[in-house]
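Here's the structure we're looking at; comments come further down.
The values are calculated or read from the model by the stated rules, or taken from the named source; none is laboratory data. These numbers come from a predicted model, not from an experiment. Here the Cβ positions follow ideal geometry from the backbone for every residue, glycine too, while neighbour counts run over all protein chains shown.
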Amino acid sequence: MALEIIIKFFVVLVLSILFGIERQISKKPVGFGTFIFVAVGSCSLGIIALKISPENPLPLLSAIVTGIGFLGAGALIKSTDKIFGFTSAAGIWLFAIIGLTFGIGEYKIGLITYVIVWIVVVTDKYLENKGISSYQRKVNIKTIGIVEKSKILSIFSGIKWKLVSLSINKKEKRCNINYLISLPIEKINEISKELEKKSWIESFSIE
């Protein structure tokens with residue numbers, strides 16, 4: 001029995017470490033430690049639920065899955081133009097379930113769920129690299145002098161864009177412009193080089 005508990009914790013720990021490292025490398029709002037804590041904690045509670053009520057552990061297990069939603073909500077980041085972190089929030093909830101499945105001894109279900117998680121993450125990365133779907137980057141441009149809109153948009157030729165904000169300081173003769181653009185990751189360097197070439201751009205950032 002003790003060996004089985006150790007195996008459960010070990011497997012959950014390894015699986016959550018691998019996923020946590022990927023999130024950390026990708027600079028997501030929820031990283032390494034959170035997924036490990038959620039998965040291991042849920043595994044522990046799953047084991048305890050079986051010990052306390054082996055015939056009907058569902059009330060305690062369902063409370064865990066519902067409660068973890070509050071932690072997932074904390075992963076959402078709202079800016080003035082969009083909300084980030086939905087995948088991380090869903091990942092927290094899903095890793096709680098993965099931890100629970102291993103905790104109650106349902107290894108096959110846990111492993112199948114884990115494999116599906118990785119399939120989704122890899123597919124998500126592929127789509128982001130190709131610039132497919134709603135993957136966007138925020139571009140902030142500060143200019144030297146007041147620049148015409150057409151001059152700026154010539155940089156984004158062939159790219160989907162949306163003007164988020166525009167502020168003009170007539171006294172200092174400067175513009176501060178924020179755009180949302182949709183493009184593949186590999187094209188970010190190309191845009192950066194184009195922006196660097198422009199003498200009328202004081203500074204810029206791509207998020």
Margin query: For GLN24, only one of the following conditions fails: (1) more than 23 Å from LYS108 (Cβ to Cβ); (2) over 12 Å from the mean Cα position of the chain (by Cα). What is its number?
Written below: (2)
Next item on the list: Sort out for me the helices (runs of 4 or more DSSP H) sitting completely within the stretch 2-104 that have 2 or more residues that are surrounded by 13 or more Cβ atoms within 10 Å (Cβ to Cβ) and at pLDDT below 70.
Entry: 58-73
Check: What pairs can you find where one residue is in the stretch 159-170 and within 20 Å of LYS187 (Cβ to Cβ), the other is exposed (fewer than 14 other Cβ atoms within 10 Å of the Cβ) and modelled with pLDDT under 75, and their Cβ atoms are less than 7 Å apart, with a gap of 6+ or different chains?
Finding: VAL164/ASP81
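Answer with yes or no whether TYR135 is loosely packed, with under 11 Cβ neighbours inside 10 Å, modelled with pLDDT under 80 and within 30 Å of ILE36 (Cα to Cα). Break it down into steps so the answer makes sense when it comes.
Numbers: loosely packed, with under 11 Cβ neighbours inside 10 Å: no; modelled with pLDDT under 80: yes; within 30 Å of ILE36 (Cα to Cα): yes.
In short, no.
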